[in-house]
Amino acid sequence: MHDPHDHDDHHEHDHRMHQDGTTWQAMRTYLPRIREFWSNDVNSAVVDLVAPDEGETLLDIGAGMGAATFDAAKRVGRKGSVIAIEPTPFMRRVLGIRKLGNRNRSRVAALNGRAEELPVGTDMVSAAWAVNVLHHVSDLDAAVIELRRVLAPGGRVVLVDEDFDEPDHPRYEEMKARHGQKHGDHEHLMIAIDELGESFTAAGFRDVAARLDRVAGVPVRMLTANLLGPSDA
Ligand SMILES: C[S@@+](CC[C@H](N)C(=O)[O-])C[C@H]1O[C@@H](n2cnc3c(N)ncnc32)[C@H](O)[C@@H]1O
């Protein structure tokens, strides 16, 4: 079990390298977009939806450069912590450097890991979220099972992927130019989020809402769900 107050994982031998490949490739992909990855309205809005409470242990899955991690760390108090899970060594390195200069650094742990295999103990976290990560996860069923395992009773989940294929997304044209074509058609995305909702329900989550919605004014695919708490029995 990891104690985020004690240590970080600076292990760089990532044998399950993220699809962006080498550190150089990750740098080329992410460094030009450092402003966007440092902090943005969607990540802030997701932290608001999670509503961190004092003393909670929280999980940012696919944390990137920590846009949501450091926002949440302000809100958990001295006894709380935020575990940032990030498989790409370059992103983890940025997280580590950012942490050094952050006043809440003792509340943040940056760990190597993936949604499908979380390096976190059972029943350890009060809430978990992922922003713009779902489309990277190759085995969503495994990720649902992992979330079920690591969340404590009463735990809550917020998963948000911006829908860059939606023409009214402010970055629709930019993303289309970058990727050359649309990521997929809307019907397909709708089915995928519905199916994800079914997986959460089957795994024992309640209040599962899987939908197309808007967060911070932009179109998203999102899922929110909770686990039964001790007082629900
Ligand atoms: C588009 S970035 C989003 C980063 C951050 N959540 C944000 O909103 O700024 C996607 C992130 O997901 C990470 N990632 C890729 N595959 C993953 C997986 N299977 N599990 C968790 N994170 C993953 C990538 O390394 C990358 O940092």
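Just a few scattered comments:
- Accessible area per residue for the chain, computed on protein heavy atoms with a 1.4 Å probe, is 50 Å².
- Virtual paramagnetic centre 7 Å along Cα→Cβ of ALA152, amide N under 11 Å, in segment 118-136: 123-127
- Modelled FRET efficiency - R0 30 Å, SER106 with ALA142, Cβ distances, 0.05 increments: 0.45
- Look at the alpha carbon pairs under 8 Å that are at least 6 residues apart: their mean separation over the length of segment 37-232 gives a relative contact order of 19 percent.
- Full-extension gain in nm, ASP41 to GLU117, via 0.36 nm per residue minus C-alpha separation: 24.6 nm
- Segment 37-232, dipole about Cα centre (Lys/Arg Cβ +1, Asp/Glu Cβ -1), debye to the nearest 20: 1240
- Ranking of TRP38, TRP129 by solvent-accessible surface, largest first: TRP38, TRP129 (1.4 Å probe, protein heavy atoms only, all chains present).
- Dipole orientation for segment 37-232: of the candidates PHE164, THR57, GLY77, GLY77 has the Cα lying most toward the positive pole (charges on Cβ; Lys, Arg +1; Asp, Glu -1).
- Taking all protein chains as shown and a probe of 1.4 angstrom, GLU86 keeps an accessible surface of around 10 Å².
- Accessible carbon and sulfur surface of segment 37-156 relative to its total accessible area, %, 1.4 Å: 48
- Segment 37-232 shape via C-alpha gyration tensor axes, a/c threshold 1.5: oblate
- Note on surface exposure: ARG206, ARG105 rank ARG105, ARG206 by accessible area, highest first, 1.4 Å probe.
- Spin-label model distance (nm) - ARG28 vs ALA51, 7 Å beyond Cα toward Cβ: 4.5
The values are calculated or read from the model by the stated rules, or taken from the named source; none is laboratory data. Since the model is a prediction, treat every value here as computed from it, not as a measurement. Backbone-built Cβ (ideal geometry, glycine too); neighbour counts: all protein chains shown. Surface accessibility is based on the protein's heavy atoms, side chains included, excluding ligands, DNA and RNA. Shrake-Rupley method; radii C 1.70, N 1.55, O 1.52, S 1.80 Å.
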